[in-house]
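The values are calculated or read from the model by the stated rules, or taken from the named source; none is laboratory data. Please read all numbers here as calculations on a predicted model, not as lab measurements. We place every Cβ from the backbone using ideal geometry, glycine too, and count neighbours over all the protein chains shown. Ligands, DNA and RNA are stripped out before the accessible areas are found, and what is left, the full protein with its side chains, is counted by its heavy atoms. Shrake-Rupley method; radii C 1.70, N 1.55, O 1.52, S 1.80 Å.
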Amino acid sequence: QVQLVESGGGLVQPGGSLRLSCAASGNRRSIDAMGWYRQAPGKERELVAVITSAGSTSYADSVKGRFTISRDNAKNMVYLQMNNLKPEDTATYYCNARILLLTYWGQGTQVQVTV
């Protein structure tokens, strides 16, 4: 059974930075795509960034130029470097992995941007 575990969330001031990590385990096949989603209280879950196994990336308009997604296929890891954080980035961030037709989710890590 595939498991995803996020880490790196926390409390940060506006303009600060955080680096989220997601470790995958239990996958018998290589992961096709990995991504980060976020969900703020009372809001729908939204895509933040996604990266394919070949390294192609895409981002939500709201985070372009501030966030960078990367992955280490050998380590089965995906990262999200978040710079110049804003209060509207406050949310629970979820790691996502896709293998063939299946999708897997982590439990989430909280990010709070406030003074």
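Quick notes on this structure:
- Of all residues in the stretch 103-115 being open to solvent by 20 Å² or more (accessible area, probe 1.4 Å) and in a loop (DSSP other than H, G, I, E, B), the one that is farthest from V50 (Cα to Cα): V115
- A single member of A49, A74 is aliphatic (A, V, I, L, M) and under 19 Å from L18 (Cβ atoms), and it is A49.
- Each residue in the stretch 68-102 was checked for being more than 14 Å from the chain's Cα centre (by Cα) and either part of a strand (DSSP E or B) or surrounded by fewer than 18 Cβ atoms within 10 Å (Cβ to Cβ) (or both), and 11 pass.
- On the stretch given as the stretch 6-46, residues that are open to solvent by 30 Å² or more (accessible area, probe 1.4 Å), out of contact with any Ser or Thr (no Cβ under 7 Å at 6 or more places or on another chain) and in a loop (DSSP other than H, G, I, E, B) total 13.
- Pair list, Cβ under 7 Å, 6 or more apart: the stretch 60-73 residue within 17 Å of P87 (Cβ to Cβ), other residue assigned to a loop (DSSP other than H, G, I, E, B): R66/N83; R66/N84
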